[in-house]
Amino acid sequence: MNFRRGLHRIGSLLSTILFALAFASAAMARQKERTLDEIKTEAIKRAENGMYPLIGLDPADVREAFASIKTTDKDEWAAAFMAVADRYMAEATSLEKSDPAKANADYIRAWRIYSFGRWPVPASPGKQRAYANAIEAFRAHARFWDPPLEIVRIPFEGSEIVGYLRLPKNAPGPVPLVLAISGLDSRKEDLSENFSAILPYGVGFLAVDGPGTGQAPIKVSPTADRMFSRVLDYLQTRPEVDKTRIAVHGVSWGAYWGTKLAIVERARLKAASVQSPPAHLFFQKDYMLNSMFGNREYLFDHAPAFMSIIEGVSNVDDMVARFPKLSLVEQQLLGKPTAPMLIIGGVLDTQVPISDLYLILSSGDVPKEAWINPQGGHLGRQVKVWPDPVIFRQVIIPWLVRKLEAGSKEATM
């Protein structure tokens, strides 16, 4: 009897082990990164369909760069895209005086190609050069803007926060302003291009890179929001800005900071709009391991990109140990009073769980507004139906203009 019972236990144990191995095998299959050929195919498809992160890139330029890429080496990737972008950069420089419109178009093209050359993060010397070139090309493009773009440098903990400030032209007095925070792989340059559309409504913007990204002076940590508090301090010193009408906008990972600021800086914010904000489940070990590694909604290297921006993280074990501390539940913030908020997202998002958005919506003290696309993925995107530019212009800008009590669209540019 004992022998039979022992066999039964061994059989149960073996079944459990086999089930676990099968589960682990399935998980590993789900977590497999795209091959180089798969990346090329997907990237070209996204360029052809105006999908992130290839919005605005010419598929022909992407194909040309890919023809020189034979391995997954980061510097090889960067060199191939820089070679294509260099041609447009040189042409733009030569045409600035004789054909400024063509020069500007070339600068935009060069900026976008350089930027994809450093994507998702500049994690090698070559990708760092591509990023530096992207900044140079963007700023050359911005020289054509009227009203102009101001590069601001805010002293911070022995370093500086670099931001792009743009204010409406001929404003009669202090103007409302949006503090725009980039995501994991987007940059303040992208936000500045997008938020220029809010200027005709009499609203300015200050775009900054989030901690750990771009030119930010610190990496991600549970206290890194202090960087944005310093930015708000700076805005208090600008006479052109209406201190009572400042909003924050965060996109993707930047939406995490936007949500946190809506709580900790509630007294200084008129409103906060956030796209696909992580809050709690996103930071838990199981979700991270099963959704971040090999995520197919993300083009490639989702997990490595995140590991590169977090303070004290150099491997998966570090990530598992530190990531949960970023949870807004763990920090005992959710449930506290917030500024008025707009939460944007998609039910089919595989990068940030929709449950995190619902958690934010059901927390705090004031009613919140939501734009949730039942057929949308990350940021609420839906190919050909709700692409990024449409969501930005039809959902985000109108809400911010209304909450900031800005005037109707008029000739302020």
- prompt: Rounded, prolate or oblate: which one fits region 114-166, using the alpha carbon gyration tensor with axes a ≥ b ≥ c (rounded when a/c is under 1.5, else prolate when a/b beats b/c, else oblate)?
  reply: oblate
Taking region 248-371 and dividing mean pair separation by its residue count, relative contact order in percent (alpha carbons under 8 Å, at least six apart): 31 percent
- prompt: What number, in percent, do you get for the relative contact order of the chain if the mean sequence gap of Cα pairs under 8 Å and at least 6 apart is divided by its residue count?
  reply: 14 percent
message: Rounded, prolate or oblate for region 68-223? Axes are the square roots of the Cα gyration tensor eigenvalues, ordered a ≥ b ≥ c, and the cut-off for rounded is a/c under 1.5.
response: oblate
message: Looking at the chain as a GNM with Cα springs under 10 Å, which of 370, 137, 171 has the largest mean-square fluctuation?
response: 171
message: If amide hydrogens are placed 1.01 Å from N in the peptide plane, which non-local residues have theirs closer than 5 Å to the one on residue 180?
response: 206, 207, 208, 249
field: Fluctuation leader among 204, 126, 158 - the chain, Gaussian network, Cα springs under 10 angstrom
entry: 158
query: In nm, to one decimal, how far is the modelled label at residue 285 from the one at residue 196, with both set 7 Å along Cα→Cβ?
result: 4.8 nm
message: Taking amide H atoms as placed 1.01 Å from N in the peptide plane, list the residues 5 or more away in sequence, or in a different chain, whose amide H sits under 5 Å from that of residue 161.
response: 154, 156
- prompt: Per residue, what volume in Å³ does the convex hull of the Cα atoms of region 136-213 enclose?
  reply: 99 Å³
message: Suppose every Lys and Arg Cβ carries +1 and every Asp and Glu Cβ carries -1, with no other charges. What dipole size does region 65-195 come out with about its Cα centre, to the nearest 20 debye?
response: 100 debye
message: Show me, for region 194-210, the HN-Hα J-couplings you get by feeding each phi into the Karplus relation (A = 6.51, B = -1.76, C = 1.60, θ = phi - 60°), rounded to Hz, glycine and proline as x.
response: 5, 6, 4, 6, 8, 4, x, 8, x, 10, x, 8, 10, 9, 9, 7, x
field: Charged-residue dipole, Cβ positions (Lys, Arg, Asp, Glu), the chain about Cα centre, Debye nearest 20
entry: 900 debye
query: Relative contact order, percent, of region 190-275 when contacts are C-alpha pairs under 8 Å separated by at least 6 residues?
result: 20 percent
query: Farthest toward the dipole's positive end in the chain, which of 138, 372, 337, given Cβ charges of +1 (Lys, Arg) and -1 (Asp, Glu) about the Cα centre?
result: 337
message: Taking 35 Å as R0, compute the FRET efficiency from the Cβ-Cβ separation of residue 402 and residue 330 and round it to 0.05.
response: 0.55
- request: Could you go through region 139-149 in sequence order and give the Karplus-derived ³J(HN,Hα) for each residue, using 6.51 cos²θ - 1.76 cosθ + 1.60 with θ = phi - 60°, rounded to whole Hz, and x for Gly and Pro?
  value: 5, 5, 4, 5, 5, 8, 6, 9, x, x, 8
Debye-sum result for the chain in log10 I(q)/I(0), which assumes one identical scatterer on each alpha carbon, at q = 0.13, 0.14 Å⁻¹: -1.16, -1.35
- prompt: Using θ = phi - 60° and the Karplus curve 6.51 cos²θ - 1.76 cosθ + 1.60, what whole-Hz ³J(HN,Hα) does each residue of region 308-313 get, with Gly and Pro shown as x?
  reply: 6, 9, 9, 4, x, 10
statement: For region 261-309, shape from the Cα gyration tensor axes a ≥ b ≥ c, cut at a/c of 1.5 then a/b versus b/c, turns out prolate
The chain - share of DSSP beta bridges that are antiparallel (%, nearest 5): 30 percent
statement: Asserting the computed 222 nm helical MRE of the chain (DSSP H runs at least 4 long, -39500 (n - 2.57) per run, divided by residue count, to nearest 500) equals -13000 deg cm²/dmol
- prompt: Under a plain spin-label model, where a point goes 7 Å from the Cα along Cα-to-Cβ, how far apart in nm are residue 393 and residue 237?
  reply: 3.7 nm
message: Give me the percent of accessible area attributable to carbon and sulfur for the chain, probe 1.4 angstrom.
response: 56 percent
query: Which of 169/270; 219/384; 102/270; 219/336; 45/403 have a Cα-Cα distance over 28 Å?
result: 219/384; 102/270; 45/403
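The values are calculated or read from the model by the stated rules, or taken from the named source; none is laboratory data. All values reported here derive from a predicted model rather than from experimental measurement. Neighbour counts run over all protein chains shown; Cβ positions are idealised from the backbone, glycine included. The area values use the complete protein model at the heavy-atom level, side chains included, leaving out ligands, DNA and RNA. Shrake-Rupley method; radii C 1.70, N 1.55, O 1.52, S 1.80 Å.
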